[in-house]
Amino acid sequence: MPARRAAAKSKRRTEPIDKRTAKDGTVTYTFRVDVGTTADGRRDRPRFTYSTLTEARREFRRITTEVADGCYVPVLDTTVDDACEEWLKGRRGIRLVKLEGYRNNLKPVRRRLGGKLLTEVTKADGDDLVDWMLTQGRVDPRHYRPDSLLSRVAAFIDRSPAAGIAVAEVKAAFPDDDVYNCLSMLVRTDRIARPQRGIYAPATDRSAVRAPEGVKPVTVRTTLTTFGMVVQSYVDQGMLPRNVIDLVDRPQDPIDDDEDEDDDEPGGSKSWTAEEVAAFREQARTHRLYACWLLSCYGMRRSEVLAARWTRFNGSRLRIRRGRVAIGKIVEENLPKSRRSRRDLPLPDDVAEALRVLKERQKAEAARLGIAWSEDRLIAVHEDGRPLRPAWYSDEFQRLREHAGLRRIPLKGLRNTSVSAMLARGIPATTVAAWHGHDPAVSLRIYNQTQNDELRAAGATLFTHSQD
């Protein structure tokens with residue numbers, strides 16, 4: 001008898017599996033195993049429960065072996081949505097605009113895979129995410145929620161006269177919301193119409209429903225990169241065995257061998273020629289913010305133009321120290337994106353003169369409206385001193401471009417044009433980078449765009465022999 005007890009006790013120490021019977025008669029088998037330490041340094045000794053003794057023994061042997069080998073991965077019951085949220089909360093020491101960028105990058109992931117356990121995400125899920133984004137990823141659920149701001153503003157305009165209502169009336173109806181971006185999105189998605197500037201009316205084609213569209217490959221790559229960072233953080237913590245998102249092939253930008261419709265448009269749709277820039281400057285010459293448009297033409301970022309203050313302009317030099325960017329409904333003024341962005345620019349004479357004219361004009365406007373003038377005021381403001389919204393500045397650029405009859409480029413295209421023009425004139429890449437506030441490699445790799453005239457000159461001189 002004593003020998004039997006000793007054998008049973010020895011077996012229990014080898015595989016300490018307990019049998020438990022619940023009040024309803026359900027039988028389970030449980031055991032505890034030291035799998036490491038918790039965040040506060042205590043022993044991590046979770047309880048494992050299984051429905052059969054065979055399963056409990058198999059899992060006990062597997063878990064203890066993995067713990068001994070240092071490759072045990074604890075059970076993780078976190079969903080993809082929760083994992084993304086926890087990862088975002090842990091991003092410290094980064095600019096708010098970068099954090100918002102991460103948040104936007106993860107929106108497709110959370111919409112498509114949010115309810116799935118992180119441990120169950122496979123490469124196939126990543127491939128499915130890519131296919132969905134490329135074909136349907138542009139559909140915005142806010143368009144279809146009746147309680148969303150988009151839907152409420154659209155319904156408000158639908159009740160307006162066919163001729164439309166002024167944007168001031170829309171703003172008065174939604175005083176606490178950013179209706180300007182909302183109106184732009186509704187126009188782009190054909191839910192409302194804009195018969196003229198500042199006037200919004202019900203859509204003319206009530207049956208028009210935008211079909212689901214895909215996003216560009218670059219957007220998919222950005223999303224996969226950010227999602228991969230989320231998954232890798234759990235791999236680094238030992239909660240996942242590997243990062244399956246790294247196995248997902250990134251979609252590449254399509255290349256069309258027969259694409260020739262823009263052959264006569266140097267730089268594609270990203271930059272302008274010198275003649276086009278000159279035409280834009282002539283169109284903007286009578287604009288109240290002509291000085292700001294010149295700063296953009298000379299390669300300053302939108303955030304730098306909108307954050308410039310008169311205290312940093314001494315008549316011939318502009319000190320760039322801050323940036324203003326839109327983050328959702330708020331506009332953040334903060335340090336520029338990098339140390340190289342902090343620079344002092346000796347301004348060309350035309351820019352310096354335009355700034356002096358704008359300064360005197362703003363002083364006269366302030367006096368006329370009874371507003372106190374301060375040298376610390378932003379340069380880019382409305383007549384009443386209100387700072388410009390970043391979206392308004394970009395939209396105003398497009399309105400000026402359209403009135404000048406120029407082909408469409410993004411506002412950032414002026415910066416691309418500035419870099420390309422300087423490099424084309426033989427200015428060293430280091431000087432071009434210092435002027436624009438970025439690394440020289442960025443100037444050559446991203447912003448520089450070869451123009452057709454340069455290509456023609458290169459081809460014409462290849463086999464040309466000098467005449468004696």
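The values are calculated or read from the model by the stated rules, or taken from the named source; none is laboratory data. Only a predicted model underlies this, so the values are computations on that prediction, with no experimental measurement involved. With ideal geometry, Cβ positions are generated from the backbone for all residues, glycine too; neighbour counts draw on all protein chains shown.
Test of understanding: among 428, 410, which residue is out of contact with any Gly (no Cβ under 9 Å at 6 or more places or on another chain), under 28 Å from residue 197 (Cβ atoms) and either of a type outside the set (A, V, I, L, M) or outside the structural domain of residue 324 (by TED's automatic domain parsing) (or both)?
Details: 428 fails: under 28 Å from residue 197 (Cβ atoms).
Result of the check over 428, 410: 410.
Is it fair to say residue 142 is assigned to a helix (DSSP H, G or I), modelled with pLDDT of 85 or more and under 30 Å from residue 90 (Cβ atoms)? Break it down stepwise before answering.
Values: assigned to a helix (DSSP H, G or I): yes; modelled with pLDDT of 85 or more: no; under 30 Å from residue 90 (Cβ atoms): yes.
Spelling it out, it is not the case that residue 142 is assigned to a helix (DSSP H, G or I), modelled with pLDDT of 85 or more and under 30 Å from residue 90 (Cβ atoms).
Say whether the condition of being closer than 27 Å to residue 332 by Cα and outside any helix (DSSP H, G or I) is met by at least one residue in the range 415-429.
No, that holds for no residue.
Please go through the range 344-386 and give me each residue that is out of contact with any Ser or Thr (no Cβ under 7 Å at 6 or more places or on another chain), surrounded by 17 or more Cβ atoms within 10 Å (Cβ to Cβ) and closer than 17 Å to residue 305 by Cα, ordered by number.
345, 351, 354, 355, 358, 359, 362, 377, 378, 379, 380, 381 - these are the residues of the range 344-386 that are out of contact with any Ser or Thr (no Cβ under 7 Å at 6 or more places or on another chain), surrounded by 17 or more Cβ atoms within 10 Å (Cβ to Cβ) and closer than 17 Å to residue 305 by Cα.
Please verify whether the range 387-402 includes one or more residues that are in the same structural domain as residue 331 (by TED's automatic domain parsing), over 23 Å from the mean Cα position of the chain (by Cα) and more than 22 Å from residue 305 (Cα to Cα).
no
Any chance the range 395-412 includes a residue that's surrounded by 15 or more Cβ atoms within 10 Å (Cβ to Cβ) and either touching a Leu at 6+ places or on another chain (Cβ under 7 Å) or at pLDDT below 90 (or both)?
Checked the range 395-412: at least one residue is surrounded by 15 or more Cβ atoms within 10 Å (Cβ to Cβ) and either touching a Leu at 6+ places or on another chain (Cβ under 7 Å) or at pLDDT below 90 (or both).
Working only within the range 66-106, note down all residues that are of a type in the set (Val, Ile, Thr) and either assigned to a loop (DSSP other than H, G, I, E, B) or surrounded by 15 or more Cβ atoms within 10 Å (Cβ to Cβ) (or both).
Narrowing the range 66-106 to residues of a type in the set (Val, Ile, Thr): 67, 73, 75, 78-80, 94, 97.
Residues satisfying the conditions are 73, 75, 78, 79, 80, 94, 97.
Please name all residue pairs, on different chains or six or more residues apart, with Cβ atoms under 9 Å, provided the first residue is in the range 396-410 and is closer than 12 Å to residue 287 by Cα and the second residue is aliphatic (A, V, I, L, M).
396/289; 396/388; 397/284; 397/411; 397/414; 400/284; 400/406
In the set 301, 339, which member is out of contact with any Leu (no Cβ under 9 Å at 6 or more places or on another chain) and buried (at least 18 other Cβ atoms within 10 Å of the Cβ)? Working first, answer last.
Values: 339 fails: buried (at least 18 other Cβ atoms within 10 Å of the Cβ).
One residue alone meets the criteria, 301.
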